[in-house]
1. Look through segment 230-270, keep the residues that are within 30 Å of Lys345 (Cβ to Cβ) and of a type in the set (Ser, Thr, Tyr), and return whichever of them is modelled with the highest pLDDT.
2. Kindly indicate which of Leu186, Leu234, Leu230 is in contact with a Gly (Cβ under 9 Å, 6 or more places away or on another chain) and buried (at least 23 other Cβ atoms within 10 Å of the Cβ).
3. Can you give me the number of residues within segment 219-252 that are in a strand (DSSP E or B), within 18 Å of the chain's Cα centre (by Cα) and among the acidic types (Asp, Glu)?
4. For segment 200-207, state whether one or more residues are under 28 Å from Pro348 (Cβ atoms), part of a helix (DSSP H, G or I), at pLDDT 95 or above and charged (D, E, K, R).
5. What is the number of the single condition among (1) closer than 30 Å to Thr54 by Cβ; (2) outside any loop (DSSP other than H, G, I, E, B); (3) out of contact with any strand residue (DSSP E or B) (no Cβ under 8 Å at 6 or more places or on another chain) that Asp272 does not meet?
6. When you look at Arg308, is it of a type in the set (Lys, Arg) and buried (at least 18 other Cβ atoms within 10 Å of the Cβ), yes or no?
7. Before we move on, is Asn195 within 28 Å of Ala339 (Cα to Cα), at pLDDT below 95, in a helix (DSSP H, G or I) and not β-branched (Val, Ile, Thr)?
8. Could you grab me the full set of residues in segment 313-330 that are surrounded by fewer than 18 Cβ atoms within 10 Å (Cβ to Cβ) and touching a residue at least 24 places away in the same chain (Cβ under 8 Å)?
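The values are calculated or read from the model by the stated rules, or taken from the named source; none is laboratory data. This one's a predicted model, so the numbers in the text were calculated from it and none came from an experiment. Note that each Cβ is placed from the backbone with ideal geometry, even for glycine, and that neighbours are counted across all protein chains shown.
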Amino acid sequence: MVSRYHDIRAALVDPRLSADTIPEYLRQKNTDNTPVMFARVDDPEHHRLRRMLTGDFTFRRCEAMRPQIQELVDHHLDEMIRNGAPADLVRDFGLPVPSLVIALLLGVPSEDLASFQQYTAVGLDTKASDDEKAQAGAAMFGYLLELVARKEQDPADDLMSRLVADYVVTGQLNRETAAFSGMTLLVAGHETSANMISLGTVALLERPEIFKRLGDTDDPAVVANIVEELMRYLSIVHSQVDRVATEDFELGGQLIRAGDMVLMNIPAGNWDAEFVDNPESFDVERNTRGHLGFGYGVHQCIGANLARVEMQAAFATLARRLPGLRLAVAPDDLKFKEADIYGMKELPVSW
């Protein structure tokens, strides 16, 4: 277990630690139609697969989506206000906004999102059985395979259509890997941002002076820095990042042997006093751009730019339009998920 900030950063860029943790006996069963997870392979294959997707997640492309994202934020907040308090911020705002954003980017019909949200909830639920998780994963993968086939026949201006046209049709990528890449982006693209919006709102409501500052400011840099500190402070991905050593070497003064599993504790790294002073405090004045909330190195979250735009729009708009926002239940009555990605089942709020 690696828990110190600098050791985690060193481990995440060390080529002697492999992201490919699939047992050899499973790898031997691979065929030409076996999907490859770009997050679970090393360079150069990782670079080849990731390069197929990065064009849709550049800083410039995500900034170009900001007006559409703001429109979705405003629309769902309008609806929530129109329906009146109390409201469930997860159901009415935090979950639908990032879900619709990633669906728009990928080219997934919005009417299919409810099914995906259910599949994802089962897949990440620590209480779900292996069979339940397998069934949910198979159903989602089957849908994405059908989507790949549809995009091949009827392409549009979206990521999945470009992936199919540029790489599947040309024989550089099999349909299964294209589908699995889409599934990975769809799950990660809505679940993490949705949880950050709800948890971040709770953290901000516990600090009314910061919430007020967020609503009063017209400085994008202030909003951006608050979001970065939320990412450091909350570290919502609580499952450990795992790697396998390919040779003997030393990390942080400890001998790692070939074949050892090395686990990176991201929340601990973000709360390491060697990274920031008083890490247990929520301090929006400090520079935390080096946090590990999106990972680090070649496997860093591909959607980090998009997630930042979503969170900046969501938090700033909430604070500006609902300055009187407050919890509708006692803090001790808030319900949290038991899942690999830290989040809330619901967030009752009033204003």
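1. Residues of segment 230-270 within 30 Å of Lys345 (Cβ to Cβ): 230-242, 263-270.
Pick out the ones that are also of a type in the set (Ser, Thr, Tyr) and you get 233, 235, 239.
Working: Tyr233: 97, Ser235: 89, Ser239: 69.
Filtering segment 230-270 for residues that are within 30 Å of Lys345 (Cβ to Cβ) and of a type in the set (Ser, Thr, Tyr), the one modelled with the highest pLDDT comes out as Tyr233.
2. After ruling out the rest, the residue left standing is Leu230.
3. The first filter runs over segment 219-252 and keeps only residues in a strand (DSSP E or B), leaving 237, 241-245, 249-251.
So of that shortlist, the ones also within 18 Å of the chain's Cα centre (by Cα) come out as 237, 241-242.
Now restrict to residues that are among the acidic types (Asp, Glu): 242.
Residues that pass the stated criteria total 1.
4. Restricting attention to segment 200-207, the residues satisfying the condition of being under 28 Å from Pro348 (Cβ atoms) are 200-207.
From the residues that got through so far, the ones that are part of a helix (DSSP H, G or I) too are 200-205.
Those left that are additionally at pLDDT 95 or above: 200-205.
Restricting the remaining residues to those that are charged (D, E, K, R) gives none.
The answer is no, given that none of the residues of segment 200-207 is under 28 Å from Pro348 (Cβ atoms), part of a helix (DSSP H, G or I), at pLDDT 95 or above and charged (D, E, K, R).
5. (2)
6. Values: of a type in the set (Lys, Arg): yes; buried (at least 18 other Cβ atoms within 10 Å of the Cβ): yes.
In short, yes.
7. On the way: within 28 Å of Ala339 (Cα to Cα): yes; at pLDDT below 95: yes; in a helix (DSSP H, G or I): yes; not β-branched (Val, Ile, Thr): yes.
Yes; evaluated as a whole, the condition is true for this residue.
8. Residues satisfying the conditions are Arg320, Arg321, Pro323, Gly324, Arg326, Ala328.
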